[in-house]
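Here the structure comes first, spelled out in structure tokens, and everything after it is commentary.
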Amino acid sequence: MAATAPERIVVENCAIATVDADDTEYAAGHVVVADNVIEAVGAGAAPRGLENVVRRIDGTGHLATPGLVNTHHHFYQWITRGLAQDCNLFDWLVTLYPVWARIDEEMVHAAAQGSLGMMARGGVTTAMDHHYVFPRGAGDLLGAEIRAAREMGVRFTAARGSMDRGESDGGLPPDFAVESLDVALAETEAAIDRYHDASFGSMLHIAAAPCSPFSVSTDLLREAAVLARRKGVRLHTHGSETVEEEKFCHERFGMGPTDYFESTGCLGEDVWMAHCVHMNDADITAFARTGTGVAHCPSSNARLAAGIARVPDMLAAGVPVGLGVDGTASNESGELHTELRNALLINRLGGHREHALNARQALRLGTFGGAQVLGRAAEIGSLEAGKLADLVLWKLDGIGHASIADPVAALVFGAAAPVTLSLVNGRPVVEAGRLTTVDEDAVARDTREQAQRLARIAADAS
């Protein structure tokens, strides 16, 4: 029996930024998708005689790029946006931990839908979430996020977080919001066994993700690293985010965060860390030597006055760097396109000034860099034949962008560009700026109701 021809989608007449190893670009080109993979990318019109073309899209006035890859987030924070507006990280956490400790499964599902929906509308095709708050009796919180990602149709890395150092042990979170060492490890392993799919084209990865040096014991960091490597998954945590964290690590462990993480086995090619703002030359060298990745979160770093990460120096040293939204209680916009622009602009405030980053480097951070950080660079992050069909078609012929001749500059320097089409695994998740897989109005209503419910419960408990 002859094999069935794959269903093909053809996008043509658009500018293309492939973000491949050579940064190949086409002023007018085509992309051919066959089922869930990219079959061809090139200049000019698509090849003639293609079989089973189910859709042909005229991309005139558009730029095609790889889908954006988010490398750090906290979905549950969608229902606590706008709080603690004028705090540094530690004060912000102390203010919000008692609220977050009241979340439940219904709240987390709604918050995940809101977070995922906002990102997908802004060009994210691969999302990541670091969920580490598991109040007793709250239900299946990780499962609620995974369900939301499946409903939205986006590719997802769920980092099963954990905290075992509460206030009574010198940590920041309240004691009732943390788990024991044994429970944290057991639940992380159970999540990996139940959900992790390592196959090519997988829609769901699980990572082990102890939260941070000030909410996690040394034993949990060390054992989480052992667990991740035994199960063949990636390892994630927060690192070097603030001067307060630096001080905490020196006072408690007698060394800075990077040395502390290395002492617990938490550096390596299978590890990525969020923020990494306060890194000296030796720290950057250690990350480059070990292949440890970084999730750069410029808006959140600015919101919490954490500082400016040394991204140009990291890239020059060979450190893999991607972009992260971070939780939407510290980045209320909740979408990654903003981070392309802010990564470029904020890094130009540092010592490298106008030479810090350019538009194409910023786009690379948000696409291929993110794929590297999540361990998926062979599958996503660039538009190349054989890679998964995760791509975005940005409309650049409207009033916000039409006068900028360089389409990549228009995307990065300009206002948030409308998304005409976003494909994940070859399937549309956004059409003409609207989500195709869920009811946006219903998601907005649910998130508002759950935010109000959480606020009432937290107020009653205080």
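Here are the numbers for the structure shown:
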read-out: Residues that are of a type outside the set (A, V, I, L, M), without any contact (Cβ under 8 Å) to a residue 60 or more places away in the chain and assigned to a loop (DSSP other than H, G, I, E, B), drawn from region 168-201; value: GLY171, GLU179, SER180, HIS196, ASP197, SER199
read-out: Flag for GLU332 being surrounded by fewer than 18 Cβ atoms within 10 Å (Cβ to Cβ) and either free of Cβ contacts under 8 Å to residues at least 60 places away in the same chain or within 19 Å of GLY123 (Cα to Cα) (or both); value: yes
read-out: In region 103-120, the residues that are surrounded by fewer than 24 Cβ atoms within 10 Å (Cβ to Cβ) and touching an Asp or Glu at 6+ places or on another chain (Cβ under 7 Å); value: GLU105, MET118
read-out: Filter result (of a type in the set (Ser, Thr, Tyr) and surrounded by fewer than 24 Cβ atoms within 10 Å (Cβ to Cβ)) within region 146-176; value: SER168
read-out: Filter result for ALA21 (over 30 Å from GLU241 (Cβ atoms), surrounded by 23 or more Cβ atoms within 10 Å (Cβ to Cβ) and of a type in the set (A, V, I, L, M, F, W, C)); value: no
read-out: Check on LEU393, under 29 Å from PRO6 (Cβ atoms) and out of contact with any Asp or Glu (no Cβ under 7 Å at 6 or more places or on another chain); value: yes
read-out: Among (1) surrounded by fewer than 23 Cβ atoms within 10 Å (Cβ to Cβ); (2) touching a residue at least 60 places away in the same chain (Cβ under 8 Å); (3) within 23 Å of THR328 (Cβ to Cβ) - the single one THR126 does not satisfy; value: (1)
read-out: Hits in region 415-435 (condition: surrounded by 15 or more Cβ atoms within 10 Å (Cβ to Cβ) and either in a strand (DSSP E or B) or free of Cβ contacts under 8 Å to residues at least 40 places away in the same chain (or both)); value: PRO418, VAL419, THR420, LEU421, SER422, LEU423, VAL424, ARG427, PRO428, VAL429, VAL430, LEU435
read-out: Residue in region 353-365 that is surrounded by fewer than 19 Cβ atoms within 10 Å (Cβ to Cβ), in the same structural domain as ALA21 (by TED's automatic domain parsing) and touching a strand residue (DSSP E or B) at 6+ places or on another chain (Cβ under 8 Å) present; value: no
read-out: Every residue from region 224-279 that is surrounded by fewer than 15 Cβ atoms within 10 Å (Cβ to Cβ), in contact (Cβ under 8 Å) with a residue 12 or more places away in the chain and in a loop (DSSP other than H, G, I, E, B); value: GLY232, GLU269
read-out: Subset of region 282-322 [touching a Pro at 6+ places or on another chain (Cβ under 9 Å), under 23 Å from ARG360 (Cβ atoms) and β-branched (Val, Ile, Thr)]; value: VAL294, ILE308, VAL311
read-out: Matching residues in region 285-308 - criterion: being part of a helix (DSSP H, G or I), buried (at least 22 other Cβ atoms within 10 Å of the Cβ) and over 18 Å from the mean Cα position of the chain (by Cα); value: PHE287
read-out: Residue ranges of helices (runs of 4 or more DSSP H) in region 309-383 with at least 3 members at pLDDT 95 or above and farther than 30 Å from LEU96 by Cα; value: 311-317, 359-364
read-out: Any chance LEU221 is touching a Phe, Trp or Tyr at 6+ places or on another chain (Cβ under 8 Å) and at pLDDT 95 or above; value: yes
read-out: For TRP394: the one exception among (1) outside any strand (DSSP E or B); (2) closer than 27 Å to GLY153 by Cα; (3) not charged (D, E, K, R); value: (1)
read-out: Considering residues of region 441-462 that are over 24 Å from PRO174 (Cβ atoms) and not β-branched (Val, Ile, Thr) only, the residue surrounded by the most Cβ atoms within 10 Å (Cβ to Cβ); value: ASP446
read-out: Search result, residues across region 108-160 that are in a loop (DSSP other than H, G, I, E, B), closer than 23 Å to VAL373 by Cα and of a type in the set (Gly, Ala, Ser); value: GLY122, GLY123, GLY153
read-out: Condition met for GLY265 (more than 23 Å from VAL178 (Cβ to Cβ) and out of contact with any strand residue (DSSP E or B) (no Cβ under 6 Å at 6 or more places or on another chain)); value: no
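The values are calculated or read from the model by the stated rules, or taken from the named source; none is laboratory data. Just so we're clear, the structure is a prediction, and the values are computed from it rather than from any experiment. Reconstructed Cβ throughout: ideal geometry from the backbone, glycine too, with neighbour counts over all protein chains shown.
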